[in-house]
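The values are calculated or read from the model by the stated rules, or taken from the named source; none is laboratory data. Nothing here was measured: the structure is a model prediction, and the numbers come from that model. Virtual Cβ from ideal backbone geometry, glycine too; neighbours counted across all protein chains shown. The protein model used for the area step is the full one, side chains on, heavy atoms only, and it has no ligands, DNA or RNA in it. Shrake-Rupley method; radii C 1.70, N 1.55, O 1.52, S 1.80 Å.
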Amino acid sequence: MIVAYQGAPGAFGHQAAGSVANFASLKAFPSFADVLAAVKRGEAQAGVLPVVNSRAGPVDGVGELIDDSGLLVRQTIDLPIRLHLLARPGARLDEVDTVVSHPMALRQCARRLGELGVAQREASNTAVAAQTLADERTAVLASSLAAELYGLAILEADVQDDPDNMTRFAVMVAPTLD
């Protein structure tokens with residue numbers, strides 16, 4: 001079974017996709033629309049999309065994509081979201097002037113980012129931000145798995161505003177004929 005998700009390895013969508021089925025192969029796609037298209041084409045048997053976050057609300061545009069897809073929601077997955085400030089090894093928190101992440105992650109950590117007084121820059125995905133980190137004065141908001149996968153250090157753990165932060169993911173499948 002192939003399960004599609006948006007982003008890159010280490011993304012929360014990657015983690016949610018991994019919980020869909022034992023021994024599933026996971027495949028990353030650049031956009032939410034691409035995930036749904038892969039399921040429609042039969043390239044993936046399921047696709048995982050974030051629908052709503054307990055802190056930041058609905059994920060922009062995903063509800064409409066699901067409604068227009070002709071696919072079915074097979075199940076939902078509630079994934080706890082723990083966001084960490086990640087940077088290159090040796091970087092110091094007091095030297096960081098910019099934080100990059102997905103817009104939803106930036107919203108989920110608005111309080112702490114405001115306290116730090118850093119500039120914010122949007123990326124297509126938390127793990128994509130981690131994957132492309134290139135500057136000592138920049139940090140990213142992403143998972144501890146992204147830190148491991150991309151050789152980054154955790155400058156500060158659990159910076160999300162809500163300790164019970166959670167995102168609901170929809171597992172999308174093609175309708176079957178009975």
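Rundown of residues vs (1) open to solvent by 20 Å² or more (accessible area, probe 1.4 Å); (2) assigned to a loop (DSSP other than H, G, I, E, B), yes/no style:
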site	(1), (2)
128	yes, no
135	yes, yes
139	no, no
145	yes, no
148	yes, no
154	yes, no
158	yes, yes
(1) under 18 Å from residue 6 (Cβ atoms); (2) of a type outside the set (A, V, I, L, M); (3) touching a strand residue (DSSP E or B) at 6+ places or on another chain (Cβ under 7 Å) all hold for residue 144 apart from (1)
The one condition residue 124 fails out of (1) modelled with pLDDT of 95 or more; (2) of a type in the set (Ser, Thr, Tyr); (3) assigned to a loop (DSSP other than H, G, I, E, B) is (1)
Requested in this report: Could you tell me whether any residue of the stretch 155-177 is hydrophobic (A, V, I, L, M, F, W, C), out of contact with any strand residue (DSSP E or B) (no Cβ under 6 Å at 6 or more places or on another chain) and closer than 24 Å to residue 58 by Cα?
Outcome: yes
